[in-house]
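The values are calculated or read from the model by the stated rules, or taken from the named source; none is laboratory data. Here the structure is a predicted model, which means the values were calculated and not measured. Reconstructed Cβ throughout: ideal geometry from the backbone, glycine too, with neighbour counts over all protein chains shown.
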Amino acid sequence: MSIKKPIVSVILRTFNEERWIAHSLNAIFTQEFDNFEIIIVDNNSSDHTLEIVKRFPIKKIVMIDKFLPGKALNDGIRESSGEFIVCISAHCIPKDKYWLKNLHKHFSGNKKYAGVYGRQLPLSYTSDADKRDLLITFGQDQKIQVKDYFFHNANSMIPRDIWEKFPFEETATNIEDRIWGKSVIDAGYQIVYDPEASVYHYHGLHQHAQSSPRAKGIAKILNKIDKESIGDLPKSLKPQNANFSVVLPVLGQHSVVKGIDFLQRAIDNLGEVEYINNIYVVTNDELVKKIAKKNDIQVIDRPKYMQDPNIRLEEVLKYALLRIEEFDDFPEAIVYINYLYPFRPTNLIDELIVELQYKGLDSVFSSFVDYGNYWEEDANGDFIKVGDILEPRENKHPLHRALYGVGCVTLSHAIRKGNLTLGKIGILPLDNLLYSLRLDKETPNEIILSAIKTFEKNKNNV
């Protein structure tokens, strides 16, 4: 980005945007139009938003205590110096590197244009109601609005001299952009809509509106007739471009049985995964560290308090994530496996990552699909049935036995909160009991070794 006086000042309002802000900023900083500055207006975010923001060359962070949309924009603009002002939501991601250029091109020699706003596209997992509203509201034809005062600050640009005449209304609790649009239209200016200046916008116009059957039906039709514009992901969210780090905790000495090194077996399995960037072994054992070094894997020292066998896995993963970030590695999500599970399907980890990204999940893990009959004992010693009991198999709703150790992928924001599973959950079911086997006291070594021998024989015969 140029260090000369910026032509454009980009204003982003943030409040707990750690899920999206890095993707938004990455897309902005890779624009072909590079003469800009960025001002963040943050409403006391309590998550990791500001830590992420500080990884980028931001001009200034403006802190506010009470959020009013127009005032927040005005506060940011007052701290900026660009000839043109861009407003973009922190959870909007420019579609391509021409987004900023396409907004700016309309102001060359035309003083009648008060502002330009661009198209907003749904993500593949945007709700049906939001998808419907975005596709109906933001069409594919450019237009010049002479009477229509619709304007949208999730993706817009205005000249500074226009803002100085018509600042945003500071007392309005919402639609400050439409209020502004009415003012400039009434003053004889025009507004431009340019669909080529597109951004992806996860929740759309109405903040996660509920999807009715009617909205679902409309969205399904729009998916077909506008399929070239939707159903995709921003470049940085696609599995091949996002950052996924594996965390492989090892407690004490690792397990070797009859010459089979289970840790090395897991590492070899990870070598076949396409979408992971780095692998980290969490250990205090010197031999394990040597194995990691031999395989060019980074080691995170496991402190003494984490050597307690009763420590929660989530605490270990959270600790690992914080150490990983100290290495200037900022993963989109953490991939957790337990090396004591010797079997996992080919491509399982890649499939979990694809599920996470394309369905907008917070956590996704493998499970064993179980149609058995189960009872659980409550705190009073009473027994309660779980699931459908004594129903014909075809009528049963199966139980899913979570196999986190076979494969689990969780967004970093959830790991940072100390959760392996949080928010929107996905499950990738496995129907082979082999994948549920784990090397532990409950499963005799002979069973594991026999299964490995059979598995390897069958694999070699394929």
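Points to keep in mind about this one:
- Residue 416 being more than 15 Å from residue 345 (Cα to Cα) and exposed (fewer than 11 other Cβ atoms within 10 Å of the Cβ): no
- Verdict on residue 390 being in the same structural domain as residue 261 (by TED's automatic domain parsing), within 22 Å of residue 363 (Cα to Cα) and either part of a loop (DSSP other than H, G, I, E, B) or of a type in the set (Val, Ile, Thr) (or both): no
- Any hit, the range 374-384, residues being touching a residue at least 40 places away in the same chain (Cβ under 8 Å) and in a loop (DSSP other than H, G, I, E, B): no
- Among the residues of the range 359-370, those that are under 11 Å from the mean Cα position of the chain (by Cα) and crowded, with 18+ Cβ neighbours inside 10 Å comprise 360, 361, 362, 363.
- Matching residues in the range 247-288 - criterion: being on the phi > 0 side of the Ramachandran plot and free of Cβ contacts under 8 Å to residues at least 60 places away in the same chain: 252, 259
- Scanning the range 254-272 for residues that are under 23 Å from residue 450 (Cα atoms) and in a loop (DSSP other than H, G, I, E, B) yields a total of 4.
- Of all residues in the range 393-426, those satisfying the criterion of being part of a helix (DSSP H, G or I) and not small (Gly, Ala, Ser) are 393, 394, 395, 413, 415, 416.
- Taken over the range 86-127, the criterion of being in a strand (DSSP E or B), within 16 Å of the chain's Cα centre (by Cα) and either hydrophobic (A, V, I, L, M, F, W, C) or not assigned by TED's automatic domain parsing to the domain that holds residue 143 (or both) is satisfied by 92, 93.
- Test: residue in the range 141-152 that is at pLDDT 95 or above, in contact with a helix residue (DSSP H, G or I) (Cβ under 9 Å, 6 or more places away or on another chain) and in a strand (DSSP E or B): yes
- Residue check, residue 329 in a loop (DSSP other than H, G, I, E, B) and farther than 30 Å from residue 446 by Cβ: yes
- Any hit, the range 146-158, residues being over 24 Å from residue 74 (Cα atoms) and assigned by TED's automatic domain parsing to the domain that holds residue 111: yes
- One residue alone among 108, 124, 211, 183 is farther than 25 Å from residue 236 by Cα, at pLDDT below 95, small (Gly, Ala, Ser) and in contact with an Asp or Glu (Cβ under 9 Å, 6 or more places away or on another chain), and that residue is 211.
- Cβ pairs under 6 Å, 6+ apart, first in the range 104-133 and among the aliphatic types (A, V, I, L, M), second part of a helix (DSSP H, G or I): 114/162; 114/184; 116/103; 116/106; 129/215
- Positions within the range 48-77 being touching a residue at least 60 places away in the same chain (Cβ under 8 Å), buried (at least 16 other Cβ atoms within 10 Å of the Cβ) and in a loop (DSSP other than H, G, I, E, B), in sequence order: 48, 68
- Filtered residues of the range 121-137 (kept if crowded, with 24+ Cβ neighbours inside 10 Å and either basic (Lys, Arg) or under 18 Å from residue 181 (Cβ atoms) (or both)): 131, 132
- Any chance residue 331 is in contact (Cβ under 8 Å) with a residue 24 or more places away in the chain, farther than 28 Å from residue 236 by Cα and touching a strand residue (DSSP E or B) at 6+ places or on another chain (Cβ under 9 Å): no
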